[in-house]
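Chemist: Following this message is one structure expressed as structure tokens.
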Amino acid sequence: ILFGFSSGCLLGLALWSIARRWPFPDALPESWSPLRWSDRLAMLAGPAWTTLLVGAIATAVAIALVAGCLENESRRQKRPGGGALALIYLPLLVPQIGFLFGVQMLFLWLGLSDGWLALIWTHLLFVLPYVFLTLADPYRSLDPRYARSALALGKAPWIVWLRIKLIMLLRPISIAMAVGFAVSVAQFLPTLFAGGGRFTTLTTETLSLAGSGDRRIIGLFGFALAALPFIGFALALGATAWRFRDRRAMRAVS
């Protein structure tokens, strides 16, 4: 049901982006014009590139940190305490406006404000908790006998981690990456605070255009904004289905 509503909203945005005239109460536009996409492509390219770059880097760093943390937890047989978990989930519990003000003051103190590093770091603060929530249970539920069997056959621990554990956990990792990327795409206040208004993403542009009253431009930017997470989840599910097409028994259930 949720997927159907989401697809319907995406379709509505797509229709508005190519509609020339759509009077009430017509179910469909009277005329169509795809020229708006070509006219606004240059305006769309910059924010889309920034959104993709920041989202990809923040998600990659989050996946590396979470996977390393969970592997260390698996080897030491010791889960993080309440203090460590509270630190991870702090950006989700504290109101953004107050939390981001402190983060911005920290960046000013470190001399990192209004740059790419500050922007990616701020997105990472919100991407990391969701990636940890998505990946922790599948990683912990992986049968440890697979790794023990490989170690008993003489494989190095890092090879076991790369060639066995991460391959078997490819589906949960891909879904965690899609979730992390979607969270990064949706960030509005973190982009404004960390970037100092110098960086425009699809989210900041769409929300700034929301008050313009031009539903066609809003539909164009809204469709592009909604399509990125949709494509991310489609790639995550499609890539893992293709990878395990002949090895379904090796797949770890997420």
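Chemist: So which of G219, G213 is assigned to a loop (DSSP other than H, G, I, E, B) and at pLDDT below 85?
Modeler: On the way: G219 fails: assigned to a loop (DSSP other than H, G, I, E, B).
Answer to the check: G213.
Chemist: Has the range 209-217 got at least one residue that is within 30 Å of E71 (Cα to Cα), open to solvent by less than 20 Å² (accessible area, probe 1.4 Å) and of a type outside the set (D, E, K, R)? Working first, answer last.
Modeler: Initially, the range 209-217 is screened for residues within 30 Å of E71 (Cα to Cα), giving none.
No, because not a single residue in the range 209-217 is within 30 Å of E71 (Cα to Cα), open to solvent by less than 20 Å² (accessible area, probe 1.4 Å) and of a type outside the set (D, E, K, R).
Chemist: Need pairs with beta-carbon distance below 9 Å; first residue closer than 13 Å to A239 by Cα and in contact (Cβ under 8 Å) with a residue 60 or more places away in the chain and within the range 165-179, second in a helix (DSSP H, G or I) and of a type in the set (D, E); sequence gap 6+ or separate chains.
Modeler: Once the first residue is closer than 13 Å to A239 by Cα and in contact (Cβ under 8 Å) with a residue 60 or more places away in the chain and sits in the range 165-179, its partners that are in a helix (DSSP H, G or I) and of a type in the set (D, E) give P172/D137.
Chemist: In the range 174-197, is there at least one residue being open to solvent by 60 Å² or more (accessible area, probe 1.4 Å), assigned to a helix (DSSP H, G or I) and at pLDDT 90 or above?
Modeler: yes
Chemist: Here's a follow-up. Tally the residues that are free of Cβ contacts under 8 Å to residues at least 60 places away in the same chain, under 16 Å from L225 (Cα atoms) and open to solvent by less than 60 Å² (accessible area, probe 1.4 Å), restricting the search to the range 1-17.
Modeler: 2
Chemist: Considering only residues that are open to solvent by 50 Å² or more (accessible area, probe 1.4 Å) and at pLDDT 75 or above, which ones fall in the range 19-54?
Modeler: L41, A42, M43, A45, W49, L52, L53
The values are calculated or read from the model by the stated rules, or taken from the named source; none is laboratory data. For clarity, every value in this text was computed on a predicted model and none was experimentally measured. Ideal geometry is used to build each Cβ from the backbone, glycine not excepted, and the neighbour counts take in all protein chains shown. The accessibility values were calculated without ligands, DNA or RNA, using every heavy atom of the protein model including side chains. Shrake-Rupley method; radii C 1.70, N 1.55, O 1.52, S 1.80 Å.
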